[in-house]
Amino acid sequence: MNLLSAEKLSKQYGDKPLFRDLSFGLQLGQKVALLGHNGCGKSTLLRILAGVEKADSGQFSMRRDLRLAYLEQEPLNRQTGSIRQWLEETYPKTGNSVHTQGSSVHTQGSSVHTQGSSVHTQGSGVHAKESAIIEFDDAHDEAQRIMDGLGITDPDLPLAGLSGGQRKRVALAGMLSSRPELMLLDEPTNHLDLEVVEWLEQYLRRQKCTVLLVTHDRYFMESVCQEIYEMSDGKLYRHPGTYTQYLHNKQARQAIEVVDAEKARSRMRSELEWMRRQPKARATKSKAREEAFYRLQEQAKGPQRRGDMQLDVQNQRLGGKILEMAYLRKQFGGCTLIHDFSYLFTRHDRIGVVGPNGAGKSTLLNLIAGNLRPDGGKVEKGDNTRIGYYTQHELEYEPNQTVIGLVRDRADYIKLSDGRDLSASSYLNRFLFPPKQQHDLVSKLSGGEKRRLQLLLVLMEGPNLLLLDEPTNDLDLDTLQVIEEFLDEFEGCLMMVSHDRYFMDRLVDHLFVFDGEGQISDFPGNYTEYRNHKKTTKTRLDVPPPVDSPKKAIEPPSQARRLSYREQKELEQTEQLMAELTAEMKRLDALLSDGRGGHEDFARWGQERAECAARMKEAEMRWLELDELRGATL
């Protein structure tokens, strides 16, 4: 069943064309991911389909009485009142569609440009009333299941005080509870904690509704969507299949486009001669052949590709001491977020931070960056440690500030890894801001372009300890792949909070896990390994208690110093080595005492026995050092 049909939609802002003549349709149950580079018009297209914005040309139609829901990237920013008050307006009362007024979640009724039309089916008599009661109970139960799945435990909290992740969960609860037939989702996983992302993924997979979503989350896309729409060069390319299949199909498509462009250029040379031979005043010139020539000319240009973003900066060398946290404590409003947490950074540390929204992940990063003062304990930074903090907050700039002006306020020249100095303009060009765009106002940039500019400002400072708070939000997949490659080769330390499981799996080797009540554990492995471990042991993260709930007493901390992840790993490896050396020395002792073998054999076994003994002595000394550190006090 066809739910939506779009024909020749076009849109541009000023002299910047986003897309032209887009035509497509959406069928019942279809789940589609919309991909494309930052600024290509993905969010704009969703706003047009939701009736929030108008196309410059073209049209689209929807099935009459279609229940449509639209989720913006940053929902509920201007809402007041409590979660409960807002959700009461959003929940379906009789199983019919609901109009959410004045919010970022729009439900659309019977026609394309008429929002909020609801289909009310009134019954008569006892049977109709009983049916209505059953529908109400079903809707109420479903709404409660959605709230539980999204982790909304206190509906009386004010909307104004919620974090970005909490607002996103509330908006999703209202939208999903309205039982839409068509969902338009713009970065639905942004700001959500990983367990909620996984719940949403499973929920959407089970639903029979149609979904068109913009996302950079590759695991989410692979799991939910069976078709990919790619926006490129102002056009729309449809790829049936999963994201993995799309990557293969895209390569094949681009190879064909290159061949077709070369063929078009060859044909165009002969057609160009014909065009030049025709007298300008001759009325009998073939109009059809002229039009064919101009189409051929467009095809001969071939696919217009963006250049690759180039991340390069000179980093300060790390010293012997990088950063140490000792018995760190932090509370907000009587809620303990961090309690007596200690950790000593070592070279090339790559740490992921996971836990529910509001558990304290960003707070930990802010304590390390020096943006917050701890209630207890200390954070000591090494002399050569230079922290770069990529926050999830919106880029700060003056109203009339240009892109290049913002960069030049920090530095006119940026030093690269090979020692060369690069001008601010050239550095911006490497981050895919061409000279013309560099003189645009920052306010005109898309959300992804602002995030890319924010990353540039962080890296140009030459950090050797990178703190990344939701670094993947709003960035397109091409940009993410370049960032991943850069961070793979990054010589400093890395610590990140991210809901992007693919990003975490590729880049981190252990996790700080917020277990609730201020406790943080250190898990040796990436996120997928952690989730598999949880499933095996049947454990789960505890959701932090509400802000206004009483706190139970916390036991005083042990006075023993906590080994870092790498020290603990080295201790385990040293113990394993000692066991292997002991077994090898026993084997050699047996050979030497047996009396069999020639002179050369005894000489070789004796030499090997001496080498094992020397290695054992070194291993024992290192084991004693690590064991002493484990028992030391701060």
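What does the charge add up to near Ala424, with Lys and Arg as +1, Asp and Glu as -1, over the other residues with Cβ less than 13 Å from its Cβ? Within the 13 Å Cβ shell, the charges total +1.
What net charge is computed for the residues neighbouring Glu620, neighbours being all others with C-beta under 13 Å from the C-beta of Glu620, Lys and Arg scored +1, Asp and Glu -1? Cβ neighbours under 13 Å give a net charge of -2. Residues in the range 454-484, backbone N under 11 Å from the label point at Asp312 (7 Å along the Cα-to-beta-carbon vector): list them, ranges by number please. Once the point is set 7 Å along Cα→Cβ of Asp312, nothing inside the range 454-484 turns out to lie under 11 Å by backbone N. Note on the range 416-510: Cα Rg divided by 2.2 N^0.38 Å, N the number of residues, gives 1.13. Answer rounded, prolate or oblate for the range 341-386, using the Cα gyration tensor with square roots of eigenvalues a ≥ b ≥ c: rounded when a/c is under 1.5, else prolate when a/b is larger than b/c, else oblate. Oblate, because a/c is 1.5 or more while a/b does not exceed b/c. Normalised by 2.2 N^0.38 Å, where N is the number of residues, the alpha-carbon radius of gyration of the range 2-89 equals 1.28. For the listed peptides 169-182, 580-593, a ranking on the average number of other beta carbons within 10 Å per residue, highest first, reads 169-182, 580-593. For the range 355-475, a crude dipole built from +1 on the beta carbon of Lys and Arg and -1 on the beta carbon of Asp and Glu, taken about the Cα centre, is about 180 debye to the nearest 20. Sequentially through the range 229-242, phi angles give Karplus couplings (6.51, -1.76, 1.60; θ = phi - 60°) of 9, 10, 9, 8, 6, x, 10, 10, 10, 9, 10, x, x, 7 Hz, Gly and Pro residues having no value and appearing as x.
Taking a Cβ cut-off of under 12 Å around Asn400, the surrounding Lys, Arg, Asp and Glu residues balance to a net charge of -1, with basic ones at +1 and acidic ones at -1. Extending 7 Å from the Cα toward the beta-carbon at both Glu580 and Glu529 defines two label points whose distance is 1.8 nm. About the centre of its Cα atoms, the range 389-548 shows a dipole size close to 300 debye [charges on the beta carbon of Lys, Arg (+1) and Asp, Glu (-1) only; nearest 20 debye].
Here, each number is a calculation from the coordinates, and none is a lab measurement. Worth saying up front: this structure is predicted, and the values here are computed from it rather than measured. All Cβ positions, even for glycine, are placed from backbone atoms using ideal geometry, and neighbour counts span all protein chains on display.
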